[in-house]
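Encoded as C-alpha cells, the structure appears first; notes follow it.
The values are calculated or read from the model by the stated rules, or taken from the named source; none is laboratory data. Everything quoted here is computed from the prediction, not taken from an experiment. Glycine also receives a Cβ, built like all others from the backbone with ideal geometry; neighbour counts cover every protein chain displayed.
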Amino acid sequence: MQTITMKFGGTSVGSPEAISNVVNIVGEAVAQGNRVIVVVSAMSGVTDQLIGSVREAAAGNRWGYLSCSQKLRDRHHEVVNLLTVPGKNRGDVLNDIEILLSQHTELCNAINILGEATPRISDSIVAFGERLSSRIVAAVMRHARINARAFDAGQFLVTDDRFGSATPNWEETERRIQNALVPLLDQGIVPVLTGFIGATPDGQITTLGRGGSDYSGAIFAAYSNSDELIIWTDVDGVMTTDPRIDRRARVLPNISYTEVGELAFYGAKVLHPKTVQPILNKGIPMRVRNTFNPKHPGTLISEVAEPTHTVIKAVTAVRNVSLVTVQGKGMIGVPGIAGRTFLATARAGANILMISQASSEQNFCFVVMNERVEQAKASIEEELAKEIARQDVDGIDVMQKVSVVTVVGAGMRGTPGVAGRVFTTLGNNDVNVIAIAQGASECSISFVVDETNIERTVLSLHDLALEAVPVH
Ligand code: ADP
Ligand code: ASP
Ligand code: MG
C-alpha cells in the first residue's frame, strides 16, 4: 500500500468538468488500495478576485466587494448543484460556503471602516479561495463514495507570521502531520487540504506566496512520508519552454530536482520555486501530470539528471526585472562592497535573481524585480554614501525594461562547446547580451537581454532544447 500526495491546481478544480476528472483520478488511486492526501488550489481566478475585493474594501467600494462575494457564491454553488444531489451532504457544503462568504463580507466591512488592509487581514481574505474549493471538492468526492473530508491546512502547516509569504516551522509541522494527519489515513479517510495557506502557532491564517499550493503539496508529501507527490495541472508535464511562448514546446519525460528548481526559480510557472525543497532530502519522486489528460505519464522529477546530447533541456524567462549596476574605480580590492550592497538590497525587501561581475572588479551587477528596484537603489545609496562621496563608487545605475532568459540542463559546465553554441545562436539572431551568470548549481546559464529581445531569445534557444527531445 502506497501513500500518494496529489496536488490539484486552479484550472484542475476550476469547473464542474475539471472537478469530475479530479474525483475520477482520486477514486481510481483509492480503488487501487493507495492512501491519498489531496491538496487543492482555489478555483482558477478566485485568488485574484479575492485580492481585488481587499482593494475594493480599502478604497471604500462596498458594492465592489459585495459583488465579488456574490460571484464566488454563484460559481461554487454551480459546482455543488451540478455534481451532488439534494440531501445532507449538499446541504452541509452549501451551509459551509455561506459561512465562509459571510466571514468574507465581515472582514471586508472591517477594512472598509478602517480604510486600509493589514497584511494579516489580507491573508485571511485571500485564503477563502482554497477554503471554499477544498470543501466543495470533498463534498463531490463523498457523493462519489470516497471517504473524503476537508481540512484547513493551518491546523497542520504551522508558519511564522510573515503574512503574504510565510515560512513553515518544520518541526511543529512535521509533528502535527505525523500525529494528526497520518492517523486519518489509517482510518481510511482521504483528507482534502487547502493548498497555499498555513497558520501561526496561535491560529492566525497565513499564506505561502502566490502559486504556493505546489509548495504545500510538497510539505504534506514530505512529512507524511509519501511514496510519491503528483502535481496535477493543465499541461502534460514540465516542458522545454512555456507552451504559451512557443507552441512547439515538448514534454520532458524526466528532469532532476535541481534542474526543475532552476527552471521554477527563473520563471517557469508550472511549479512554485520552493516545491522541491521539502522533498529533496527525502528523495520523494514527484510527477507533473495533466488532470485533463490523465493517460499521459507526465514528467518524472527525481535525483537523476539524465544528460541529453544538446545538454540544454529547457528555456525560461522572467519579465519585469531591472539590472542594477554598481561601479567605480575605487572599488578595486576594497573588501565588502558587494556584501554590503546585497545586504542593503535585502533590507529593501528585494530578492536577487542573478549576480554577475566583470573580472576587472570595477563593477558588478545584479537583477531584481521592478517592483522593488527603487527601494533597493535608495537603500544601497544610503549604505554606500561614504564611498559615493569619496567617488570610490561612481553611483548606482538602474537599467529597466530588461528580462532574464535562462537555459537549464545538467552538465552545463562539464560539457565543452555548450556555451559556444548558445552564444553562436544568440549572435546569429542579433541578440545583444547585457550580462551573463551561471547558476550556483551549475546546471543553468542566465542572460540579461533587452525586453524587446525576449521572444527572439527564447525561441532561438528553444531550438537547441527541441533538438534533444524526441517527438511523442
Ligand atoms: P496550476 O493552477 O495547476 O498550479 P499554473 O498556471 O500555476 O497551474 O502552471 C501551469 C502553467 O505553467 C501552464 O499552463 C504553462 O502555461 C505554464 N508554464 C510555464 N513554463 C512551463 C514549462 N516549462 N512547462 C510547463 N508549463 C509551463
Ligand atoms: N491560489 C493561489 C494562487 O493563485 C495558490 C495556488 O494556486 O498555488 O496564487
Ligand atoms: Mg501554480
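Residue under question is Val288, and the condition is that it be under 19 Å from Gly439 (Cβ atoms), in contact (Cβ under 8 Å) with a residue 24 or more places away in the chain, within 16 Å of ligand 3 (Cβ to nearest atom) and among the aliphatic types (A, V, I, L, M); does it hold?
no
Within the stretch 200-212, is there a residue that is within 16 Å of ligand 2 (Cβ to nearest atom), modelled with pLDDT of 95 or more and of a type in the set (D, E, K, R)?
Here is the first cut: in the stretch 200-212, the residues within 16 Å of ligand 2 (Cβ to nearest atom) are 205-212.
Then keep just the ones that are modelled with pLDDT of 95 or more; that gives 205-212.
Adding the requirement that they be of a type in the set (D, E, K, R) leaves 210.
Yes: the stretch 200-212 contains one or more residues that are within 16 Å of ligand 2 (Cβ to nearest atom), modelled with pLDDT of 95 or more and of a type in the set (D, E, K, R).
Select from the stretch 251-276 the residues that are outside any helix (DSSP H, G or I), under 13 Å from Ser302 (Cα atoms) and more than 16 Å from ligand 3 (Cβ to nearest atom) and list them in ascending order. Steps first, answer last, please.
Just the residues of the stretch 251-276 that are outside any helix (DSSP H, G or I), to begin with: 251-256, 266-275.
With under 13 Å from Ser302 (Cα atoms) added as a condition, the list becomes 252-256, 275.
Of everything in the stretch 251-276, those that are outside any helix (DSSP H, G or I), under 13 Å from Ser302 (Cα atoms) and more than 16 Å from ligand 3 (Cβ to nearest atom) turn out to be Leu252, Pro253, Asn254, Ile255, Ser256.
Of the residues in the stretch 112-127, how many are under 19 Å from the mean Cα position of the chain (by Cα), aliphatic (A, V, I, L, M) and in a helix (DSSP H, G or I)?
Adding up the residues that qualify gives 1.
Answer yes or no: is there a residue in the stretch 208-217 that is near ligand 1 (Cβ under 8 Å from one of its atoms), under 12 Å from the mean Cα position of the chain (by Cα), of a type outside the set (Gly, Ala, Ser) and under 30 Å from Leu107 (Cβ atoms).
Yes, the stretch 208-217 has at least one match.
Could you list, in sequence order, the residues of the stretch 373-401 that are without any contact (Cβ under 8 Å) to a residue 60 or more places away in the chain, crowded, with 17+ Cβ neighbours inside 10 Å and within 33 Å of the chain's Cα centre (by Cα)?
Once the filter is applied, which keeps residues that are without any contact (Cβ under 8 Å) to a residue 60 or more places away in the chain, crowded, with 17+ Cβ neighbours inside 10 Å and within 33 Å of the chain's Cα centre (by Cα), the stretch 373-401 yields Val373, Ala376, Lys377, Ser379, Ile380, Glu383.
Yes/no per residue for (1) closer than 26 Å to Gly411 by Cβ; (2) in contact with a helix residue (DSSP H, G or I) (Cβ under 9 Å, 6 or more places away or on another chain); (3) modelled with pLDDT of 95 or more:
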{"residue": "Arg287", "(1), (2), (3)": "yes, no, yes"}
{"residue": "Lys295", "(1), (2), (3)": "no, no, yes"}
{"residue": "Thr299", "(1), (2), (3)": "yes, yes, yes"}
{"residue": "Val311", "(1), (2), (3)": "yes, yes, no"}
{"residue": "Gly339", "(1), (2), (3)": "no, no, no"}
{"residue": "Gln362", "(1), (2), (3)": "no, yes, no"}
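Tell me, which residue of the stretch 253-288 that is within 16 Å of ligand 2 (Cβ to nearest atom) and basic (Lys, Arg) is farthest from Gly9 (Cα to Cα)?
Top of the filtered list is Lys274.
Before we move on, is Ile219 within 16 Å of ligand 3 (Cβ to nearest atom), out of contact with any Gly (no Cβ under 7 Å at 6 or more places or on another chain) and farther than 20 Å from Thr11 by Cα? Please lay out each step first, then the result.
On the way: within 16 Å of ligand 3 (Cβ to nearest atom): yes; out of contact with any Gly (no Cβ under 7 Å at 6 or more places or on another chain): yes; farther than 20 Å from Thr11 by Cα: yes.
Considered against the rule, which asks whether it is within 16 Å of ligand 3 (Cβ to nearest atom), out of contact with any Gly (no Cβ under 7 Å at 6 or more places or on another chain) and farther than 20 Å from Thr11 by Cα, Ile219 comes out as yes.
Starting from residues that are among the small types (Gly, Ala, Ser) and crowded, with 24+ Cβ neighbours inside 10 Å, keep the ones in the stretch 10-21 and report whichever is farthest from ligand 2 (Cβ to nearest atom). Break it down into steps so the answer makes sense when it comes.
Of all residues in the stretch 10-21, those among the small types (Gly, Ala, Ser) come to 10, 12, 14-15, 18, 20.
Checking the rest, the ones that are also crowded, with 24+ Cβ neighbours inside 10 Å come to 10, 12.
Numbers: Gly10: 5, Ser12: 10 Å.
Among residues in the stretch 10-21 that are among the small types (Gly, Ala, Ser) and crowded, with 24+ Cβ neighbours inside 10 Å, the one farthest from ligand 2 (Cβ to nearest atom) is Ser12.
Only one of these is charged (D, E, K, R) and without any contact (Cβ under 8 Å) to a residue 40 or more places away in the chain: Arg340, Arg347. Name it.
Values: Arg340 fails: without any contact (Cβ under 8 Å) to a residue 40 or more places away in the chain.
Every option except Arg347 fails the conditions.
Can you find a residue in the stretch 108-123 that is buried (at least 21 other Cβ atoms within 10 Å of the Cβ) and within 21 Å of Ile19 (Cβ to Cβ)?
The answer is no, given that none of the residues of the stretch 108-123 is buried (at least 21 other Cβ atoms within 10 Å of the Cβ) and within 21 Å of Ile19 (Cβ to Cβ).
If we scan the stretch 128-149, do we find a residue that is touching a strand residue (DSSP E or B) at 6+ places or on another chain (Cβ under 8 Å) and part of a strand (DSSP E or B)?
So far as the stretch 128-149 goes, yes, one or more of its residues are touching a strand residue (DSSP E or B) at 6+ places or on another chain (Cβ under 8 Å) and part of a strand (DSSP E or B).
Can you tell me how many residues within the stretch 285-298 are surrounded by 23 or more Cβ atoms within 10 Å (Cβ to Cβ) and away from ligand 1 (no atom under 11 Å from the Cβ)?
1
Select from the stretch 237-257 the residues that are among the small types (Gly, Ala, Ser) and within 17 Å of the chain's Cα centre (by Cα) and list them in ascending order. Give the steps one after another, and end with the answer.
Going residue by residue through the stretch 237-257, those that are among the small types (Gly, Ala, Ser) are 237, 249, 256.
Across the stretch 237-257, the qualifying residue is only Gly237.
Could you pull out the residue among Ile146, Ile121 that is among the β-branched types (Val, Ile, Thr) and either closer than 26 Å to Arg35 by Cα or touching a Gly at 6+ places or on another chain (Cβ under 8 Å) (or both)?
Numbers: Ile121 fails: either closer than 26 Å to Arg35 by Cα or touching a Gly at 6+ places or on another chain (Cβ under 8 Å) (or both).
After ruling out the rest, the residue left standing is Ile146.
Pairs please, first residue from the stretch 92-115 and aromatic (Phe, Trp, Tyr), second anywhere and in a helix (DSSP H, G or I) and surrounded by fewer than 20 Cβ atoms within 10 Å (Cβ to Cβ), Cβ atoms under 9 Å, 6+ apart in sequence or on different chains.
Taking only residues 6 or more apart or on different chains, not a single pair turns up.
Does Val192 satisfy the criteria of being more than 24 Å from Ser12 (Cβ to Cβ), under 23 Å from the mean Cα position of the chain (by Cα) and of a type in the set (A, V, I, L, M, F, W, C)? Lay out the reasoning, then the answer.
Details: more than 24 Å from Ser12 (Cβ to Cβ): no; under 23 Å from the mean Cα position of the chain (by Cα): yes; of a type in the set (A, V, I, L, M, F, W, C): yes.
Answer is no for this residue.
Residues being at negative phi and part of a strand (DSSP E or B): count how many of those fall in the stretch 285-341.
Looking only at the stretch 285-341, we keep the residues that are at negative phi, and these are 285-297, 299-310, 312-319, 321-327, 329-332, 334-335, 337-341.
Narrowing further to those that are part of a strand (DSSP E or B): 286-290, 299-302, 314-319, 321-327.
Result for the stretch 285-341: 22.
Being within 12 Å of ligand 1 (Cβ to nearest atom), farther than 29 Å from Asn320 by Cα and among the aliphatic types (A, V, I, L, M): is that true of Ile230 here?
Working: within 12 Å of ligand 1 (Cβ to nearest atom): yes; farther than 29 Å from Asn320 by Cα: yes; among the aliphatic types (A, V, I, L, M): yes.
Spelling it out, Ile230 is indeed within 12 Å of ligand 1 (Cβ to nearest atom), farther than 29 Å from Asn320 by Cα and among the aliphatic types (A, V, I, L, M).
Looking at the stretch 28-48, is at least one residue in a helix (DSSP H, G or I), within 16 Å of ligand 1 (Cβ to nearest atom) and in contact with a helix residue (DSSP H, G or I) (Cβ under 6 Å, 6 or more places away or on another chain)?
Initial filter on the stretch 28-48 (in a helix (DSSP H, G or I)): 28-31, 46-48.
After this cut, where a residue has to be within 16 Å of ligand 1 (Cβ to nearest atom) as well, the list is 46-48.
Now restrict to residues that are in contact with a helix residue (DSSP H, G or I) (Cβ under 6 Å, 6 or more places away or on another chain): 46-47.
Checking the stretch 28-48: at least one residue is in a helix (DSSP H, G or I), within 16 Å of ligand 1 (Cβ to nearest atom) and in contact with a helix residue (DSSP H, G or I) (Cβ under 6 Å, 6 or more places away or on another chain).
When you go through (1) part of a loop (DSSP other than H, G, I, E, B); (2) at pLDDT 95 or above one by one for Ile245, which number turns out not to apply?
All conditions are met except number (2).
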